[in-house]
Amino acid sequence: MAKNPRQKQKLLFLQKILLEKTDENNGLTVNEIIAELEQYGITAERKSIYDDLDTLRVFGLDICSEKTKTVKYYIGARDFQTSELKLLVDAIQSSKFITEKKSIELIRKLEKLTSSKEAQLLQRHVYVTNRVKTNNETIYYNVDRLHDAINNDRIIEFFYNQWVLDTGNVEKIKLKRKRNGEKYIVSPWGLCWDDENYYLIAFDEKSKEIRHYRVDKMESITVTDTERNGKAEFKKFDIANYTKSTFSMFAGTETEVKLSVDNSLVGVIADRFGNKVFVTKDDDNSNRFIVNVKVNISHQFFGWLFALGDKVKILSPESVKEKYKNHIDNVLSCYKEVE
């Protein structure tokens, strides 16, 4: 009798069955494993299953057994725990730079890293539709291209877009190339994820300054053969501190600001600037503390201050105090009735 050609695949299908059908709460008996193999056209005897399970254990698969009325076999440790996969699912859902279509694709792939039963738990966390998502499907290729440029120490060129009102239809918002369509030429040095968006941190060849760019707004990225510039600037540059001092990645002039803060907001300061920020007592008010922080002075920084109300006060420098007061006056002027 000719041997079933699929028998050579038995070990592979056994591994597939265990990974897909079992976990700590769902095991399979030997008889159930044999029945699962038969669905793939593979016959097996009990003794051969025991031998195959041992072989897979030696290979590195964490096959555990539990004895109740009978013995059930299941996969124990995996590369990712279900709790870790849930974290990844949440990150994908909240990421604006990942399109709705790609979000669903990635979550489906994550589901394959656990059992089918555990994958159902991940599905309960899927709320992608109607979230704010980019429509730019090329961002994944953009990120790869940027990593290649950074790893190979090369300058890049690209078009950079911004949202504008369509002059032909004021009810429509569209993307338009900045600088009248002139290409940006920059030396890429790092990528960061801030406020649910992906940003490139780079040395701009035109301004000779460190700038950041939303990756989903970059178009037609080309990696050149020219070696990067800005090595001296980035040698003393800390990307983590840069993102911490830049509110929602809106650029501004970096300035050290002294703030008087209500004691109840210590958590707000720690969340924004880290728990290692230097804090001193306010000698004039025991209910407040003094903190010096480096921030990029922008409307977004002023908006953050305004949301905290009278519990935060700018002490210095005077120039920043004046800018903040002028900002508030400009906002109030929008609500003054015309006599």
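For the reader, a short list of remarks on this structure follows.
- On the chain, 49 percent of the accessible area sits on carbon and sulfur atoms, based on a 1.4 Å probe.
- Among the protein heavy atoms, those of Cys64 account for about 30 Å² of accessible surface (1.4 Å probe, every chain in place).
- Subtracting the Cα-Cα distance of Leu175 and Gln9 from their residue separation scaled by 0.36 nm leaves 54.5 nm.
- Between the range 273-315 and the range 1-71, the alpha-carbon centres lie 62 Å apart.
- Relative to the dominant Cα principal axis of the chain, helix 318-333 is inclined by about 80°.
- Potential extension, Lys117-Ser286 segment - 0.36 nm per residue separation minus Cα distance: 55.3 nm
- Calculated accessible area for the chain comes out at 62 Å² per residue, all protein chains present (probe 1.4 Å; ligands, DNA, RNA ignored).
- Estimated FRET transfer efficiency (Phe306, Trp163; beta-carbon r; R0 22 Å; 0.05): 0.35
- Measuring max minus min along each principal axis, the C-alpha atoms of the chain give extents of 98, 55, 49 Å (largest first).
- Annotation: amide H-H contacts under 5 Å for Tyr198 (H modelled 1.01 Å from N, sequence separation of 5 or more, or interchain): Phe97, Val215, Asp216.
- Shape of the range 183-334, Cα gyration tensor, a/c cut at 1.5: prolate
- For the range 262-339, the list of trypsin sites (Lys or Arg not before Pro) that fall in a loop by DSSP and count at most 12 other C-beta atoms within 10 angstrom reads Lys276, Lys336.
- Straight-line reach from Lys67: taking Cα to Cα under 25 Å and skipping same-chain neighbours fewer than 8 places apart, the lysines in range are Lys10, Lys16, Lys21, Lys47, Lys117.
- Taking 7 Å steps out from each Cα toward its Cβ at Ser260 and Phe278 produces label points 2.1 nm apart.
- Trypsin sites (Lys or Arg not before Pro) restricted to DSSP loop in the range 1-101 with at most 11 other C-beta within 10 Å: Lys3, Lys69
- Computed E for Lys183/Ile104 - FRET, C-beta separation, R0 30 angstrom, nearest 0.05: 0.35
The values are calculated or read from the model by the stated rules, or taken from the named source; none is laboratory data. Computed from a predicted structure; not experimentally measured. Note that we place each Cβ from the backbone using ideal geometry, even for glycine, and neighbour counts take in every protein chain shown. Just the protein is used for accessible areas: all its heavy atoms, side chains included, with ligands, DNA and RNA removed. Shrake-Rupley method; radii C 1.70, N 1.55, O 1.52, S 1.80 Å.
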